[in-house]
Ligand SMILES: Nc1ncnc2c1ncn2[C@@H]1O[C@H](COP(=O)(O)OP(=O)(O)OP(=O)(O)O)[C@@H](O)[C@H]1O
Ligand SMILES: Cc1cn([C@H]2C[C@H](O)[C@@H](COP(=O)(O)O)O2)c(=O)[nH]c1=O
């Protein structure tokens, strides 16, 4: 397979969406063919998953998110990679390991459900101290029922606790702490790393 697949995961408020935009801008400005995308995707299943987390819970949400993921891979991500593009995705399988497990779904079930999903060349794990995450979410507002007071610390702890599982499953985490790093600086660091991988691919 050609191209390069990069994913961004991490707790709410860590800065994934901000970094997706900035990293894609840096890479595009230096001539890389970039597709910036996200999960849940902006396709039909993804919109249901993203906008109805109050309705769908547990196993139903885990399966809905996974169905959207497999369709997104087949319809958008794989074709872009086959066309030698650099694909960056805001949230991927590691988010399911954390969020669906926090939602009561056994981790082993989530791992099996997502076992066929393509593994990225680089799995960035964006994080920040819990107090910083809480403040950012309080300032920005919550995106879903997963974000409430105290959720950031629980999510960040869960990602850290899953480090060995992520390595074992093909998502060795490349940690980026945005706690006291301006978004432009964090984005430049990630873009430089991706650019190096791109030239070695
Ligand atoms: N490095 C940073 N330093 C300071 N503030 C930041 C940084 N990165 C993002 N922010 C701010 O924090 C808030 C959350 O950022 P963003 O929406 O990118 O996070 P996210 O990880 O995508 O969150 P979610 O998972 O909830 O969508 C935004 O208001 C954003 O402007
Ligand atoms: C990838 C993924 C997403 N979700 C849910 C969690 C949130 O409700 C949205 C994502 O919104 P955000 O602005 O990126 O935080 O989708 C999920 O439950 N499981 C997943 O794997």
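Within the option set 49, 24, 28, being within 15 Å of ligand 1 (Cβ to nearest atom), at pLDDT 95 or above and touching a strand residue (DSSP E or B) at 6+ places or on another chain (Cβ under 6 Å) holds for one residue only, 24. Just one of (1) in contact with a helix residue (DSSP H, G or I) (Cβ under 9 Å, 6 or more places away or on another chain); (2) part of a helix (DSSP H, G or I); (3) away from ligand 2 (no atom under 12 Å from the Cβ) fails for residue 74. It is (1).
Please verify whether segment 88-105 includes one or more residues that are in a loop (DSSP other than H, G, I, E, B), under 21 Å from residue 23 (Cα atoms) and more than 12 Å from ligand 2 (Cβ to nearest atom). No: zero hits.
Within segment 51-61, the set of residues being within 9 Å of ligand 2 (Cβ to nearest atom), part of a helix (DSSP H, G or I) and either within 18 Å of residue 79 (Cβ to Cβ) or in contact (Cβ under 8 Å) with a residue 40 or more places away in the chain (or both) comprises just one member, 61.
Filtering segment 122-132 to residues that are farther than 18 Å from residue 187 by Cβ and surrounded by 19 or more Cβ atoms within 10 Å (Cβ to Cβ) leaves only 130.
Taken over segment 26-68, the criterion of being in contact with a helix residue (DSSP H, G or I) (Cβ under 8 Å, 6 or more places away or on another chain) and under 19 Å from residue 124 (Cβ atoms) is satisfied by 26, 27, 30, 32, 34, 35, 36, 37, 38, 39, 40, 41. Any residue that is within 11 Å of ligand 1 (Cβ to nearest atom), touching a residue at least 24 places away in the same chain (Cβ under 8 Å), out of contact with any helix residue (DSSP H, G or I) (no Cβ under 6 Å at 6 or more places or on another chain) and assigned to a strand (DSSP E or B) - is there at least one of those in segment 178-200? No, there is no match, as no residue in segment 178-200 is within 11 Å of ligand 1 (Cβ to nearest atom), touching a residue at least 24 places away in the same chain (Cβ under 8 Å), out of contact with any helix residue (DSSP H, G or I) (no Cβ under 6 Å at 6 or more places or on another chain) and assigned to a strand (DSSP E or B).
Answer yes or no: is there a residue in segment 87-99 that is at pLDDT 95 or above, touching a helix residue (DSSP H, G or I) at 6+ places or on another chain (Cβ under 7 Å) and closer than 14 Å to residue 13 by Cα. Yes, segment 87-99 contains a residue that is at pLDDT 95 or above, touching a helix residue (DSSP H, G or I) at 6+ places or on another chain (Cβ under 7 Å) and closer than 14 Å to residue 13 by Cα. Restricting attention to segment 3-48 and to residues that are within 13 Å of ligand 2 (Cβ to nearest atom) and in a strand (DSSP E or B), the residue that is farthest from residue 154 (Cα to Cα) turns out to be 37. Looking across segment 127-151, the residues that are under 17 Å from residue 91 (Cα atoms) and more than 11 Å from ligand 2 (Cβ to nearest atom) come down to 127, 128, 133.
Within this structure, residue 175 passes the test of being part of a strand (DSSP E or B) and closer than 30 Å to residue 31 by Cβ. Just one of (1) more than 26 Å from residue 68 (Cα to Cα); (2) surrounded by 14 or more Cβ atoms within 10 Å (Cβ to Cβ); (3) within 11 Å of ligand 1 (Cβ to nearest atom) fails for residue 153. It is (3). Residues in segment 5-21 that are crowded, with 24+ Cβ neighbours inside 10 Å and closer than 18 Å to residue 201 by Cβ were compared, and the one that is farthest from ligand 1 (Cβ to nearest atom) is 6.
The values are calculated or read from the model by the stated rules, or taken from the named source; none is laboratory data. Predicted model only: the values in this text are computed from it and were never measured. We place every Cβ from the backbone using ideal geometry, glycine too, and count neighbours over all the protein chains shown.
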